[in-house]
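Structure first, then comments.
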Amino acid sequence: TSQIPFIFGIKAPRGISGALKLPKFYIKLISLLIHNINWISTAIGISSIIVLYLAKYLNERYKSKIRIILPCELILVIIGTVTSHFTKFHSKYGVSVVGEIKRGLPPLTIPPLNHINQLIVPAITIAAVSLSISISMAKMFS
């Protein structure tokens, strides 16, 4: 449900809540699709899904003959990035793109401490659950 607006190149319906949220979302989504569909985004999304399923099928079928599994997802991202860059999908056809990716790592900074009151209880809960899982796994395998 969360990826459907991106495949069709439309904005996701917002502000839907209450009972029957999912049917209301799809009704609003279909009405948006009728008027605002981006056919280039749709073609890219559907062809990418087909390529991924075909690659999964071929990898499973020929994995005994080919010793390595091809990283088809990575290959698809590289091909899509290069194609989008050289054909200018964003400016010509309105296809959403991530934008420029900064090189290197961001500088190290100390996080702001103004949210520590909101984070302390979830952090202790996660630590307690992780500790109990580690202890139970250690007992199970020892």
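Each reported figure results from applying straightforward, stated rules to the coordinates on display, with no laboratory input. These numbers were taken from a predicted model, which means no experiment stands behind them. For neighbour counting, all protein chains shown are included, and Cβ atoms are generated from backbone atoms with ideal geometry for every residue, glycine included.
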Name the pairs: first residue in segment 5-17 and crowded, with 16+ Cβ neighbours inside 10 Å, second residue hydroxyl-bearing (S, T, Y) and not in a loop (DSSP other than H, G, I, E, B), Cβ to Cβ under 6 Å, at least 6 apart or on different chains?
-> F8/T42; G9/S41
How many residues does segment 83-107 hold that are in a helix (DSSP H, G or I) and either closer than 19 Å to I7 by Cα or not hydrophobic (A, V, I, L, M, F, W, C) (or both)?
-> 9
Selection status of K28, surrounded by 11 or more Cβ atoms within 10 Å (Cβ to Cβ) and basic (K, R) | yes
Take K88 and decide whether it is within 30 Å of I49 (Cβ to Cβ), among the charged types (D, E, K, R) and surrounded by 10 or more Cβ atoms within 10 Å (Cβ to Cβ).
-> yes
Condition broken by K65, with the remaining ones in (1) free of Cβ contacts under 8 Å to residues at least 12 places away in the same chain; (2) assigned to a helix (DSSP H, G or I) satisfied | (2)
Breaking point among (1) farther than 28 Å from E100 by Cα; (2) surrounded by 10 or more Cβ atoms within 10 Å (Cβ to Cβ), for I37 = (1)
